[in-house]
1. Quick one: work out Rg over Rh on the C-alpha atoms of the chain, Rh as Kirkwood radius.
2. Suppose each label sits 7 Å from its Cα in the direction of the beta carbon; what would the Ala301-Ala169 distance come out to in nanometres?
3. How big is the Kirkwood radius of segment 124-248, worked out from every pair of different alpha carbons and given in Å to one decimal?
4. Taking square-rooted eigenvalues a ≥ b ≥ c of the alpha carbon gyration tensor, is segment 164-305 rounded, prolate or oblate, where a/c under 1.5 means rounded and, failing that, a/b exceeding b/c means prolate?
5. How far apart, in nanometres, would the label points at Leu106 and Gln151 be if each is projected 7 angstrom from Cα along the Cα-to-Cβ direction?
6. For each cysteine in the chain, check whether another cysteine's C-beta sits under 4.7 Å from its C-beta; list those where none does.
7. Using a Gaussian network model of the chain with C-alpha springs under 10 Å, which one of Leu82, Leu208, Leu369 is most mobile by mean-square fluctuation?
8. Can you run the Rg to Rh ratio on segment 80-135? Use alpha carbon positions and the Kirkwood inverse-distance Rh.
Amino acid sequence: MDLSLSDEQQQIVDSAAIFLQEASTSAAVRAASETADGIDTALWQGIAELGWCGVHLPEAANGLGLGVVELALLQEQLGRHLACVPFFDSVALASTALRQLPGSALAQQWLESLASGEKKAALALTAEPLTSAARAQRTATGWTLDGTWPQVGSAAMADVLLLAAQDEAGQTVLLLVPADTAGLQVTALTTLDTTRRMAAVQCSAAALPAENCIAQGAALDAVLARTLQIGAIALAAEQVGAAQQCLDLTLAFAAQRVQFDRAIAGFQAVKHRCAQMLVALESARSAVYGAACMADTAPDAATLLFYAAQARVAATEAAQFCAREALQLHGGVGFTWEYDPHLYLRRAQASSQRLGAPAWWLEQVAKQLLDAPNETLKEAA
């Protein structure tokens, strides 16, 4: 598999890096994280104007018509700069789900608004089913939704929520719930990572039109499964970006921090720890790029899960390791508010639990590697 970037893809990386270096500075991140909604409005507007919100969406939906690789490249740069925008939740998750529902006119209508960045969406999605605490009941005019979704990313700033529930027959349904729906309550949560907001969502007899049920049954299960896999790849790319920044911050600090009359970058122990950070980072990046390439080649669900799970585990470990090492190699100042390593440690720890804990993803790798009859998976490993 050729993981080298094309000239066009490299241009995307370079332009995104330049834009975010200026628009998502450490000061801007800190300022946005202290606001009520936690979003950098100016940055989100700039991202929308660049067309990033529709990077992997078809041109028919006002998207750029690119793929998961390009989505991952942008997500990596956003993670590197801790961008305080709902890109992951609205673009990588919600838009990915909606684009797989061409049969729903309402879903496609919202998809166009999301692609332009005019609207933002949040999808309640985890590795484990959420529907056990949510019930949807058919009525003469549509649906009534009751339930609780404990942690939904960017829900408090979303214009629409995508909530899965079970109907009377035990079938999974996906309901599109506008933020102003009566009976919908969104409560912001206090989180470890202040640069990414989470909220608890509750519906109490929320009445919805029939058309707001945009998918159901086995077809919906397949949509949510693929969305989970694409989301895992995008999140892993973001973690790689954060790990890269931890390494860059550490190298810059080690080059100018002087101990015993020389920069600490000259000490062998420091060199080796930085080298370990690089090895973990590049291994994870290769896994992420490989998984993104597989997603664009439309493999079967089992194969994509195999690659996505590997990327998720490798990137989680790399992000946590590099964040811890950055904190340690910065010495005492690494723990202070004025320096950035603690922000990346918070992101690494919080992200490790999004879309399922690492243990769940490791289990998916093990199942495919040891239990699946498909020998090509064993060869790929």
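Coordinate-derived values only; no laboratory data. Remember, predicted model here, so these are calculated numbers, not experimental data. So basically every Cβ, Gly included, is an ideal-geometry build from the backbone, and we count neighbours across all protein chains shown.
1. Details: Rg = 21.0 Å, Rh = 21.4 Å.
That ratio is 0.98, to two decimals.
2. 1.8
3. 15.6
4. Verdict is oblate for segment 164-305.
5. That separation, rounded to one decimal, is 2.9 nm.
6. By the Cβ distance rule, which asks for a partner under 4.7 Å, the isolated cysteines are Cys53, Cys84, Cys203, Cys213, Cys274, Cys293.
7. Among Leu82, Leu208, Leu369, the largest mean-square fluctuation in the Gaussian network model of the chain belongs to Leu369.
8. Working: Rg = 12.9 Å, Rh = 12.5 Å.
Checking Rg against Rh, the ratio lands at 1.03.
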